[in-house]
1. Which of the residues that make up the stretch A:63-90 are under 25 Å from B:Thr42 (Cα atoms) and either loosely packed, with under 14 Cβ neighbours inside 10 Å or touching a Cys at 6+ places or on another chain (Cβ under 6 Å) (or both)?
2. Which condition from (1) at pLDDT below 95; (2) surrounded by fewer than 17 Cβ atoms within 10 Å (Cβ to Cβ); (3) facing chain B (nearest Cβ under 9 Å) is the one that A:Glu46 breaks?
3. Assess whether B:Glu108 counts as being farther than 22 Å from A:Leu111 by Cα and touching a Phe, Trp or Tyr at 6+ places or on another chain (Cβ under 8 Å).
4. Residue by residue through the stretch B:37-54, note down the ones that are farther than 13 Å from A:Leu27 by Cα and part of a helix (DSSP H, G or I).
5. Quick one: A:Asp6 ticks every box in (1) part of a helix (DSSP H, G or I); (2) more than 10 Å from every other protein chain (Cβ to nearest Cβ) except a single one, so which number is it?
6. Could you check the stretch B:15-43 and list, in sequence order, the residues that are more than 7 Å from every other protein chain (Cβ to nearest Cβ) and either polar (S, T, N, Q) or over 17 Å from the mean Cα position of the chain (by Cα) (or both)?
7. For the stretch A:79-93, how many residues are out of contact with any helix residue (DSSP H, G or I) (no Cβ under 6 Å at 6 or more places or on another chain) and within 17 Å of B:Leu27 (Cβ to Cβ)?
8. Against the definition (of a type in the set (S, T, N, Q) and surrounded by fewer than 18 Cβ atoms within 10 Å (Cβ to Cβ)), how does A:Thr55 come out, yes or no?
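The values are calculated or read from the model by the stated rules, or taken from the named source; none is laboratory data. Since this is a predicted model, take the numbers as computed values, not measurements. Note that each Cβ is placed from the backbone with ideal geometry, even for glycine, and that neighbours are counted across all protein chains shown.
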Number of protein chains: 2
Amino acid sequence: MEFSFDVISAEEYTRQRSSYEPLTDALRRLIDVGIHTAVDETTVQEALGHLTAATELLEREQRESTSTLRHADTGRPLAWANPAVGLRNAIAPPMVIEHEADGSCWSEFTLGPAYEGPPGWVHGGICALLLDHILGEVASEGLSLPKFTGTISVKYLRGTHLGPVRAEAFVERSEGIKTYARGYLRDADGVTVEAEGVFIMPAWARDAG
Amino acid sequence: MEFSFDVISAEEYTRQRSSYEPLTDALRRLIDVGIHTAVDETTVQEALGHLTAATELLEREQRESTSTLRHADTGRPLAWANPAVGLRNAIAPPMVIEHEADGSCWSEFTLGPAYEGPPGWVHGGICALLLDHILGEVASEGLSLPKFTGTISVKYLRGTHLGPVRAEAFVERSEGIKTYARGYLRDADGVTVEAEGVFIMPAWARDAG
């Protein structure tokens with residue numbers, strides 16, 4: 001397991017983002033309407049025709065490299081493909097994570113029908129996915145250090161309403177190769193889920209350092 | 001927070017599943033090709049046209065009820081909209097969970113590019129999402145009992161390769177309103193992630209009982 005990066009210029013970043021982000025947003029909308037559609041079989045077939053046509057178009061050219069793109073100016077990985085924060089992954093809400101000067105992170109975003117567990121409530125595993133990600137991001141200083149989750153514990157205080165939510169995380173302490181992070185998920189009524197995690201620098205990064 | 005159900009006949013289940021499952025599979029394929037497409041702006045626009053047309057078709061009739069569908073024969077909730085196991089939610093791999101006579105659960109499925117964290121590896125938060133779900137399912141006897149996650153701890157032994165994986169879970173013990181469950185995620189090389197969780201019957205279900 002190692003990191004490699006392709007650097008992308010600010011101009012190319014803007015071009016790709018303005019071209020591909022609307023595509024991902026359109027897919028998010030489609031996921032939502034697909035879950036609860038009740039149209040008849042003829043209409044399903046017509047929609048399927050459009051989805052097949054779109055797939056064939058987008059398949060014509062695929063990025064070959066599996067390296068992560070890194071922004072030339074900020075030096076940060078883009079993580080465009082990431083299922084929690086990826087602007088190009090329709091599975092991601094996405095969380096857009098803000099980094100404060102004190103090292104803490106937060107993100108405000110909306111969770112719609114695709115993230116529903118019990119009716120009206122966010123699936124508990126989705127809460128765990130998002131908290132795992134933001135804790136990892138705060139522990140690795142915005143994914144710029146190689147750190148992997150050792151253990152994460154997630155405590156559900158109550159259900160999280162679908163709709164606008166806020167995730168936040170901070171580093172509690174670091175001891176050698178271990179970083180201890182803590183975070184919260186909140187809905188409009190306050191904290192719903194707490195998480196604490198231990199993040200570890202992998203052996204290859206220690207050797208390299 | 002309460003459960004309500006609409007019962008669906010075996011015939012209607014088969015009809016809806018054969019009609020809507022291919023739609024969800026087509027969306028999963030689109031999510032994957034969308035993440036790494038490198039086509040030019042003209043082609044993106046053409047694809048967007050198809051996505052918009054498909055959205056308009058599927059929006060024409062949406063299921064109004066927010067109740068969970070329950071199969072008339074098995075009595076089990078379908079959880080079609082669920083982001084871990086939902087056959088109609090393109091975010092879900094989906095896990096199709098098998099229930100053994102001893103109460104344990106397992107599922108074998110494939111995790112593709114949409115679930116990638118570090119290049120070539122499953123995002124740790126996705127592992128947490130899937131384990132949270134299968135532990136909840138084993139603790140609630142196939143979602144047939146109202147049980148909510150209290151706490152879940154997820155321990156990452158090593159990275160999980162993208163590709164075929166297996167999730168499994170069993171109940172360790174029950175104490176009053178609490179059920180203790182444990183589970184594992186495996187790739188071709190063995191166990192990669194362990195999880196243990198405490199699941200709690202909510203107050204309204206206790207009162208009802």
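1. A:Glu64, A:Ser65, A:Thr66
2. (1)
3. Working: farther than 22 Å from A:Leu111 by Cα: yes; touching a Phe, Trp or Tyr at 6+ places or on another chain (Cβ under 8 Å): no.
Answer is no for this residue.
4. To start, the set of residues in the stretch B:37-54 that are farther than 13 Å from A:Leu27 by Cα comprises B:37-43, B:45-46.
Those that are farther than 13 Å from A:Leu27 by Cα and part of a helix (DSSP H, G or I): B:Glu41, B:Thr42, B:Thr43, B:Gln45, B:Glu46.
5. Exception for A:Asp6: condition (1).
6. Listed by number, the residues that qualify are B:Arg15, B:Gln16, B:Ser18, B:Asp32, B:Asp40, B:Thr42.
7. In the first step, residues of the stretch A:79-93 are kept if they are out of contact with any helix residue (DSSP H, G or I) (no Cβ under 6 Å at 6 or more places or on another chain); the result is A:79-80, A:82, A:85-86, A:92-93.
Narrowing further to those that are within 17 Å of B:Leu27 (Cβ to Cβ): A:86, A:92-93.
Looking only at that region, the number is 3.
8. On the way: of a type in the set (S, T, N, Q): yes; surrounded by fewer than 18 Cβ atoms within 10 Å (Cβ to Cβ): no.
Taking the combined requirement at face value, the residue does not satisfy it.
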